[in-house]
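The structure's right below; bear with me while I get my questions together.
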Protein chains: 2
Amino acid sequence: MATTTAKSEIAFIGLGAMGFGMATNLVKQGYKVTGFDVWPPTLEKFKAAGGSVASTPAETVKDRDYCVCMVATAQQAQAVLFEGENPAVPALPKGASLLLASTVPCAYVQSLEKQLAEAGRDDIKLIDCPVSGGAGRAADGTLSIMAGGSDAAIEQGKFLLQEMSDPQKLYIVKGGIGAGSNMKMCHQVLAAVQILAASEGMGFASHLGLDLGLARDRILKSDAWAWMFEHRVPRMLTPDFQPIASALTIILKDSGIITSEAGRTGFPTPMTSTAEQVYFSGLGRGYGPDDDSSLIRLYTEGKGKIGPVKGLAVDDEAKLALVLALLKGIYLCSAAESIAFAKRCNLDLDQVYELCMNAAGGSKMFETVGPEIMKLCRGEKPSTVGENLRDAAQKLQDAVLEAQRLKAPVFLGTQALNLVRLALQHAPQEAEKLPSAMVAKVWAV
Amino acid sequence: MATTTAKSEIAFIGLGAMGFGMATNLVKQGYKVTGFDVWPPTLEKFKAAGGSVASTPAETVKDRDYCVCMVATAQQAQAVLFEGENPAVPALPKGASLLLASTVPCAYVQSLEKQLAEAGRDDIKLIDCPVSGGAGRAADGTLSIMAGGSDAAIEQGKFLLQEMSDPQKLYIVKGGIGAGSNMKMCHQVLAAVQILAASEGMGFASHLGLDLGLARDRILKSDAWAWMFEHRVPRMLTPDFQPIASALTIILKDSGIITSEAGRTGFPTPMTSTAEQVYFSGLGRGYGPDDDSSLIRLYTEGKGKIGPVKGLAVDDEAKLALVLALLKGIYLCSAAESIAFAKRCNLDLDQVYELCMNAAGGSKMFETVGPEIMKLCRGEKPSTVGENLRDAAQKLQDAVLEAQRLKAPVFLGTQALNLVRLALQHAPQEAEKLPSAMVAKVWAV
């Protein structure tokens, strides 16, 4: 794939679960890669995998025209690039490419561009390129990558982005530095809400007395399908939520980026905020290092212990219909929040759609109603594809009221119901069939 | 107070904490009261207090022209009035007054009126008269009472309502049967949100490292004052949340009435719903029988255990400002939700205001911004009394983002912030000073 004939030397800073896979993939592709991490055992492992190692950020990047930074947070990026005795930036060769692949707030990567200029280093070709796809795809070089930067920076670094990504999943995002981070952030709205929705849906199924294996099978085959549900439920149904594939603290970091960035422009994120509050509750309970599928514990702990409760749903079909309605209501609202936020961030909505459908934020609701919400964002009239919003509201309400009878918490479903009701308050009362995409009107799209 | 010369004989069904006080107060006022309860020890106590007792609902009401029903729920009311071998309704004398003082959904008391008619007993003069004020005021005959019914029913029963209420706090609510229950329900929006706000505000103060006694004192003297805060905090600051003055299950019953009644007309209740979800979490934790002030436990349990956290606020004044902003944002939104719901229920807003200010739902924010929200409900322009909504949003956001840094949950504050942002999305961008009452626009008032 590489467009250079002699393979370039690459500096790679941050060899965690993701970074290690990405760096060793580059080694396998024939690059000479010098790695750096603060945790010595990782360096030993990286040497065993054929990499070289360095002992400071400066030493890592010295004489290397390409540097990938894959640390965990903006704070860590700032530290390795500018702080301490031997930071990377002053040691980067003139005109080098700097790929920041960490998931960071748009505000940070924009401040990084400014800091480079202030340090007299605007020769450095910065690319803002957060990734998605997990450690397995990192090691295979088949990640989703959302890359933004100047044309010159993208041109110089593109071969490296191509080495790390699936050819179908490399998104060059218009809008310069910050656009890649914004694209990932809008995708993470779906992730943050839908990770918790898996626990909420299965917790509700449990309160209803449904067999969870049956509920899983039916949900996976329905229009309440979501990528996150499919990938969380297997671990949710193991006794100890094993293996730990993605810790609560990881999605909590991403939700924090969303809600703090939303604050910069006063954008409302009621769905993500609700999820984040439940995540904080889980963190307070000590679940931070646990797999995020384990949050079902927050939904089921009172079950059978809170005195007599009785729902209205009498058979499995009626109960399943309630669970599906709950999940669909949540996914409808997460789709609307994500797309409305993308519009606010001036992203290319078609690209957002393609990315989200190909990544962990995908859901059947997003697939069908997403394009209609996008029409609304463009000032076009949405078609009546999908359910009538009033019907969806009724079904979602049936689910939320059943949860109330069972005294089961459904944080996201309740929030979704209130958002749908808010949208209906403002909708013309005479409209017989109201496209469900109209819920996005709440976000003033 | 009684308008009859010979004091009437009264049947009193339901001698719980409230009913016992109300019934013994009537005994003290010189009435002959026959009581009924399913719990025998209460009957013994009532005899000792000078009452008579009966062994069935039918026996209780036989030959009594006045019956007060003060059971805990609509289900219990239905049982004593119509079900079992000896229900009350068939035994009531022709033209008797039936005062339903329990807090029940408007839908129930309206169905009761219909059931009476269907049973050929529309001679019974039904009054829908939920009360507020706690067991102490019940025993003193100084409750707040919200009474609705036909003019004839109110005329016949008024002397009894007067015996049980403070003269300043008897509200005859226009709108017939159901109006009293609706009035109480709209008041309970404030109660349901503000009970939890006390825990949320003090929990946030605790995460900030504030001395809780100092926080309490400053909040009580500020424009973030609320009746619920003043009355919950003393128990919140005892080691075991003692004495148990109002159990979590009590407010959970009321929030359930609000959210299920809201569903009948599709009215959005984002603030009450958020509180209710947290209440369900508390119930799941086994806190149902505990005093509702003990919910601070849901906010503080991770404190100091979740790794290093660091806020921006450096001194007590800065921290207190954040707590005040959080509470004020919550109270602004609970005021808007309550008044918008009252408008939806076609209640007299001036009466709602007077009631709420004189009862447990009162807050400084309600006092100052409430009248402006009511103007908005009437299609008038609110004055710029109170804070600029954009300033309030900024301060509330500062508080919510600080909580995020401290990884502290602030469910209500976050919801309030999103509602304010939603309102601002729809507000004219050019308006320099936007009255904070404009947040009610979210509810489409």
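The values are calculated or read from the model by the stated rules, or taken from the named source; none is laboratory data. This structure is a prediction, so every number in the text was calculated from the model and none was measured. A quick note on method: Cβ atoms are made from the backbone with ideal geometry, for glycine too, and the neighbour counts reach across all protein chains shown. Quick note on the areas: whole protein, heavy atoms, side chains included, nothing else; ligands and nucleic acids left out. Shrake-Rupley method; radii C 1.70, N 1.55, O 1.52, S 1.80 Å.
Residue A:7's amide H: which non-local residues (gap 5+, or another chain) put their own amide H closer than 5 Å, with H modeled 1.01 Å from N in plane and none for Pro or chain starts?
none
Report, in whole Å, the centroid distance computed from the Cα atoms of the stretch B:124-153 and the stretch A:405-445.
One Cα centre to the other: 36 Å.
Let me ask something else about it. Mind listing the phi-derived Karplus ³J(HN,Hα) values for the stretch B:270-285, rounded to whole Hz, using 6.51, -1.76 and 1.60 with θ = phi - 60°, and x for any glycine or proline?
Those phi angles translate into x, 6, 4, 4, 4, 4, 4, 4, 5, 4, 4, 4, x, 4, x, 7 Hz.
Another question about this same structure. Scan around residue A:125 for amide H atoms under 5 Å from its own, H built in the peptide plane at 1.01 Å from N, and keep only partners 5 or more places away or cross-chain.
Amide H to amide H, under 5 Å and 5 or more residues apart or across chains, residue A:125 pairs with A:96, A:97, A:98.
Which of B:399, B:423, B:335 ends up with the largest GNM mean-square fluctuation for chain B, with Cα atoms connected below 10 Å?
Greatest mean-square fluctuation among the candidates belongs to B:423.
Which entries in the list A:328/B:407; B:221/B:328; A:303/A:407; A:319/A:407; B:125/B:253 go over 18 Å, if you measure between the two C-alpha atoms of each? Please list the in-between numbers first.
Values: A:328/B:407 29 Å; B:221/B:328 13 Å; A:303/A:407 9 Å; A:319/A:407 15 Å; B:125/B:253 27 Å.
Flagged as over cut-off: A:328/B:407; B:125/B:253.
Let me ask you something else. If contacts are Cα pairs under 8 angstrom and at least 6 residues apart, what is the relative contact order of chain A in percent?
Details: 840 pairs, mean separation 59.8, N = 445.
RCO, chain A: 13 percent.
Here is a further query. Please calculate how many Å² of accessible area the stretch B:301-396 carries per residue, with a 1.4 Å probe and no DNA, RNA or ligand atoms counted.
Values: 3990 Å² over 96 residues.
On a per-residue basis, the stretch B:301-396 sits at 42 Å².
Summed for both chains, how many Å² of accessible area, to the nearest 100, are buried between B and A with a 1.4 Å probe?
Result for this pair: about 3500 Å² buried.
Please give, to one decimal in nm, the separation of the simple spin-label points placed at residue B:238 and residue B:211, each 7 Å out from Cα toward the Cβ.
So the two model labels end up 2.3 nm from each other.
To the nearest 20 Debye, how big is the dipole of the protein assembly as shown about its Cα centre, given +1 on the beta carbon of each Lys and Arg and -1 on that of each Asp and Glu? Provide the component values of the computation, followed by the final result.
Values: 86 positive and 94 negative charges, 22 e Å.
Rounded to the nearest 20 debye, it is 100 debye.
Amide H of residue A:147: which non-local residues (sequence gap of 5 or more, or other chain) have their own amide H closer than 5 Å, using H built in the peptide plane?
A:171, A:172, A:173
Please give the Cα centre distance for the stretch B:24-92 versus the stretch B:267-337, rounded to the nearest Å.
One Cα centre to the other: 40 Å.
Further, regarding this structure: Please state the charge dipole magnitude for the stretch A:9-177, taken about the Cα centre, from unit charges on C-beta atoms (+1 on K and R, -1 on D and E), reported in debye and rounded to the nearest 20.
Numbers: 14 positive and 18 negative charges, 70 e Å.
In debye, rounded to 20, the stretch A:9-177 gives about 340.
Can you pull a Stokes-Einstein diffusion coefficient for the stretch A:334-382 at 20 °C (1.002 mPa s), Rh from Kirkwood over Cα pairs, as a whole number of µm²/s?
Working: Rh = 10.5 Å.
Translational D for this selection: 204 µm²/s.
Go ahead and run the numbers for FRET between residue B:48 and residue A:431, Cβ-Cβ distance against an R0 of 56 Å, rounding to 0.05.
Working: r = 64 Å, r/R0 = 1.14.
Using R0 = 56 Å, I get an efficiency of 0.30.
Would you mind classifying the stretch B:63-161 by shape? Square roots of the alpha carbon gyration tensor eigenvalues, ordered a ≥ b ≥ c; an a/c under 1.5 is rounded, otherwise it is prolate if a/b is larger than b/c and oblate if not.
Values: a/c = 1.64, a/b = 1.36, b/c = 1.21.
Because a/c hits 1.5 or more and a/b exceeds b/c, the stretch B:63-161 counts as prolate.
I need the shape label for the protein assembly as shown. Rule: rounded when a/c is under 1.5, else prolate if a/b > b/c, else oblate, with a, b, c from the alpha carbon gyration tensor.
Working: a/c = 2.34, a/b = 2.21, b/c = 1.06.
Prolate is the answer for the protein assembly as shown, as a/c is 1.5 or above and a/b outweighs b/c.
What trypsin sites (Lys or Arg not before Pro) in the stretch B:164-273 are in a loop by DSSP, with at most 16 other Cβ atoms within 10 Å of the Cβ? Don't jump to the answer; show the numbers that get you there.
Working: sites: B:169, B:174, B:184, B:216, B:218, B:221, B:232, B:235, B:253, B:264; in loops: B:174, B:221.
Answer in residue order: B:174, B:221.
From the phi of every residue in the stretch A:126-135, what ³J(HN,Hα) in whole Hz does the Karplus formula 6.51 cos²θ - 1.76 cosθ + 1.60 yield, where θ is phi - 60° and glycine or proline is x?
Values, residue by residue: 7, 10, 9, 9, x, 10, 8, x, x, 5 Hz.
Sticking with this one: Name the residue, out of B:250, B:177, B:13, whose mean-square fluctuation peaks in a Gaussian network model built on chain B with Cα pairs under 10 Å.
Checking each option, the largest mean-square fluctuation is seen for B:250.
Let a ≥ b ≥ c be the square roots of the eigenvalues of the Cα gyration tensor of the stretch B:346-430; is it rounded (a/c under 1.5), or, if not, prolate (a/b larger than b/c) or oblate?
Working: a/c = 2.50, a/b = 1.46, b/c = 1.72.
It comes out oblate by the Cα gyration axes.
Pick from B:323, B:38, B:352: which is most flexible by mean-square fluctuation in a GNM of chain B where alpha carbon atoms under 10 Å apart are linked?
Highest fluctuation among the options: B:38.
Could I ask something else about it? Roughly how many Å² is the accessible area per residue of the stretch A:200-272, as a whole number, for a 1.4 Å probe?
On the way: 2690 Å² over 73 residues.
On a per-residue basis, the stretch A:200-272 sits at 37 Å².
Counting only protein heavy atoms, probe 1.4 Å: which residues of the stretch A:406-425 lose 30 Å² or more of accessible surface in the full assembly compared with their chain by itself?
Correct list: A:407, A:409, A:411, A:414, A:415, A:418, A:421, A:422, A:425.
Additional query: Taking the label point as lying 7 angstrom from Cα along the Cα-to-Cβ axis, what are the distances from residue B:346 to the corresponding position in the remaining copies, in ascending order and in nanometres?
Relative to the other copies, residue B:346 has label-point distances of 5.1 nm.
Pull up the DSSP beta bridges for the stretch A:9-177 and report the antiparallel fraction as a percent, rounded to 5. If you can, show how the numbers build up before the last one.
Values: 4 of 27 bridges.
Close to 15 percent.
Also: Under 17 Å from the 7 Å Cα→Cβ point of residue B:38, by amide nitrogen: which residues of the stretch B:53-69?
Under cut-off, by backbone N: B:54-60, B:69.
Can you list the chymotrypsin sites (Phe, Trp or Tyr not before Pro) in the stretch A:266-310 that are in a DSSP coil and have 14 or fewer other beta carbons within 10 angstrom?
Numbers: sites: A:279, A:280, A:287, A:299; in loops: A:287.
Sparse-neighbourhood loop chymotrypsin sites (Phe, Trp or Tyr not before Pro): none present.
Next question, about the same structure. How large is ³J(HN,Hα), in whole Hz, for each residue of the stretch B:92-98 in order, when computed from phi with the Karplus curve 6.51 cos²θ - 1.76 cosθ + 1.60 and θ = phi - 60°, using x for Gly and Pro?
Using θ = phi - 60°, the values come out as 5, x, 4, x, 5, 8, 10 Hz.
Per residue, how many Å² of accessible area does the stretch B:35-161 show with a 1.4 Å probe? Walk me through the numbers before you get to the answer.
Details: 5160 Å² over 127 residues.
On a per-residue basis, the stretch B:35-161 sits at 41 Å².
For residue A:364 and residue A:140, compute 0.36 nm times the residue count separating them, minus their Cα-Cα distance, and round to one decimal in nm.
77.9 nm
Something else now. Any aspartates and glutamates with Cα under 17 Å of the residue A:47 Cα? List them, leaving off those in the same chain fewer than 8 positions away.
Excluding near neighbours in sequence, the set is A:9, A:37, A:59.
Measuring nothing but label to label, 7 Å from Cα along Cα→Cβ, what are residue B:136's distances to the other copies in nm, shortest first?
6.3
State the percentage of accessible surface on the protein assembly as shown attributable to carbon and sulfur atoms; use a 1.4 Å probe and exclude ligands, DNA and RNA. Let's see the in-between values first.
Working: 16940 of 32180 Å².
Carbon with sulfur: 53 percent of the solvent-accessible area.
A further question follows. Got a sec? Charge dipole of the stretch B:189-317, +1 on Cβ for Lys and Arg, -1 for Asp and Glu; which of B:202, B:293, B:279 is way out at the positive end?
With unit charges placed on the Cβ atoms, the residue in question is B:279.
Taking a cut-off of 14 Å between Cα atoms, list the aspartates and glutamates near residue B:114, but don't count ones fewer than 8 places away on the same chain.
B:122, B:123, B:128
Sum -39500 (n - 2.57) across every DSSP H segment of at least 4 residues in the protein assembly as shown, then divide by the residue count to get the 222 nm mean residue ellipticity, nearest 500.
That calculation yields -17500 deg cm²/dmol at 222 nm.
Would you work out which of A:368, A:78, A:411 lies farthest towards the positive end of the dipole of chain A, given +1 charges on the beta-carbon of Lys and Arg and -1 on that of Asp and Glu, about the Cα centre?
Farthest along the dipole direction, towards plus: A:411.
Let me ask another. To one decimal in nm, how far is residue B:364 from the same spot in the other copies, if labels go 7 Å from Cα toward Cβ? Please give the shortest first.
5.3
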